[in-house]
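See below for the structure under consideration.
The values are calculated or read from the model by the stated rules, or taken from the named source; none is laboratory data. The structure presented is a predicted model; accordingly, all values stated were derived computationally and were not measured. So basically every Cβ, Gly included, is an ideal-geometry build from the backbone, and we count neighbours across all protein chains shown.
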Amino acid sequence: MNMKRIRGRHHRAGGGTPRSSNSQTPLNRNHVFDSNGPDLRIRGTAQQLFEKYLQLGRDATGTGDRILAEAYFQHAEHYFRILNAMNQAAQQSQQERNERQMQRQRAYEERRESRGERGGDEHGQDEGDDQPSIESSRSEEAPAEAE
């Protein structure tokens, strides 16, 4: 069997780095895109590319080139959709973070309450102690002063 042929079967293009089969756009706002427009190449974030193609479309409309303007507007719409996807993903992750924070807060409060109920027993204090609490002694003194 030819060894070159075996090695060739498992060789990957791109330096051998595994690539995911899901080729969605990264949802990082700072991701830089390389855009090949109708007649130029632009590099920038989705927001920058959206604004640039929108401006180029307006400029082309002003010069009377409706075909080029439509091409620019279609590119602008593409990056507008990417921005919407990024915003939706950010909102969803923010909502998930808020829910996790609320769950952690509830769990913390439940642990605190359960410790508070057992807290008197852990420190050697019983409910039947003869020493009155500060609150109960204040409430007993208050009516006496009113008379």
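Some points to look at:
- Qualifying residue in region 122-141 (condition: at pLDDT below 95, aliphatic (A, V, I, L, M) and closer than 30 Å to V32 by Cβ): no
- Among residues of region 87-109 that are in contact (Cβ under 8 Å) with a residue 40 or more places away in the chain, those with a beta-carbon under 6 Å from a residue that is surrounded by 10 or more Cβ atoms within 10 Å (Cβ to Cβ) and not in a helix (DSSP H, G or I) at least six positions away or on a different chain give the pairs A89/L27.
- Residues (of a type outside the set (S, T, Y) and farther than 18 Å from N30 by Cα) located in region 64-91: G64, D65, R66, I67, L68, A69, E70, A71, F73, Q74, H75, E77
- For region 30-64, residues that are over 24 Å from the mean Cα position of the chain (by Cα), at pLDDT 95 or above and not charged (D, E, K, R) total 10.
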